1. So if we plug the beta-carbon distance of Phe296 and Ser329 into 1/(1 + (r/R0)^6) with R0 = 22 Å, what FRET efficiency do we get, rounded to 0.05?
2. Kirkwood Rh and Cα-based Rg: tell me the resulting Rg over Rh for the range 190-348, rounded to two decimals.
3. Points 7 angstrom from Cα along the Cβ direction at Ile143 and Ala172: gap in nanometres?
4. So for the pair Lys84, Thr96, with labels modelled 7 Å out along Cα→Cβ, what separation do we get in nm?
5. Using θ = phi - 60° and the Karplus form 6.51 cos²θ - 1.76 cosθ + 1.60, what ³J(HN,Hα) does each residue of the range 53-64 get, whole Hz, x for Gly and Pro?
6. Among 315-328, 143-156, what's the highest-first ranking by average C-beta atoms within 10 angstrom per residue?
7. How large is the convex hull of the Cα atoms of the range 82-166 per residue, expressed in Å³ as a whole number?
Amino acid sequence: MSEKIMEKTIKEYLKEVKAKLPDWLKDKKEHKDILAELEEHVWSKAEELSETGHPTESSVRLAITHMGAPESIAKEYKRRGTPKVYITEEMWPLYTKVLLIVFSVIVAINIVTQIVFNLILGGEPFIEVLGSLISGIQGGLVISFVIISIVFVVLSMEGYFPEDFKSKKDLAKEKLLTETAEVKGWPISQKTGKPLKPFIKPIGEIIGGGFVILIGCIFLFQPFPTDLLDVQFLILLRFFGAFIAAEGALDITRGIIGNRQPSTHQLIHVITIVVKLAPIPLMLILMNQPEIFPFFNWDDVTETFVHIGIAPEFYGLYRNIIILIIVGSVLLTAEDMYKIFKIQNYKV
């Protein structure tokens, strides 16, 4: 067997191996090293199996047989990662993150859809609204869970890691982040072994908190004409303003503390959850007394606005909107709960 024919045989074998390699490896420089090393092993094995001490037609074919089928070689590179159920541990954090994002979007879309439809089509009984909301969320969550899980099982079987989806620019940023973390002494995640970014942007929290306090103060001190507003509504408005201002003050406090004292941040988030839920009884009062909610109409005779209140036929729509606002307030506490668990990683 001539040398050219032997080279052709080996190249065809390497081409088959390359075709079977996982996609995450094909676009990297490592695959060239793998194929080069494999070619070297084939030549070496052919020499070893040859009776003459030099590669021959039969020894090359026998060496390729010893190396194994392209599928079996590629399978070794797909065994990347630590098994965890059907999804590897390396892919698990990304899997849960994608689920959380998709689930949040599905819940938000269903809530917004119900609000829009109620505003357009008119008030529906609360039981029907709640049933439709739960049904829509449930169906979306089940379908998305199945699809996402199947995708991540396949990716795990192919040996993918989260970094395989990142560009060179993102990988360079991570390298820079690691170097910065070493200099500044940032904590290291026990799960990923990577440095944790600062969990709060102090300036942003302070500015945002100040804006929230401003809104709360407007409700609290009411620097606007109140002659036409119901006294009970104004009292409720002051309470709402107090809770809004309190939430803004908590944001400013977190901004002042900065990326220190993780336990204090967790405590503040717990207090924030309480503050977010505290107005719910006030909303229930407002829901059961639609006549106090301000609704004005222009009177041509007096040439002034007159408080006429909400028409009784719209009471159902009004109550449903309040209920959806209450549900939204409860769902917003999920962000604080998530941050409480996230900050736990910074306790080192």
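1. 0.25
2. Checking Rg against Rh, the ratio lands at 1.11.
3. 4.1
4. Spacing of the two 7 Å Cα→Cβ label points: 0.7 nm.
5. The phi angles translate into x, 10, x, 10, 4, 5, 5, 5, 5, 5, 5, 5 Hz.
6. Sorting 315-328, 143-156 by mean packing, highest first, produces 315-328, 143-156.
7. Looking at the range 82-166, the number lands at 93 Å³ per residue.
A short reminder: the numbers here are calculations on the coordinates, not readings from a lab. Source: prediction; values computed, not measured. Neighbour counts are summed over all protein chains in view; Cβ atoms, including those assigned to glycine, are modelled from backbone coordinates with ideal geometry.
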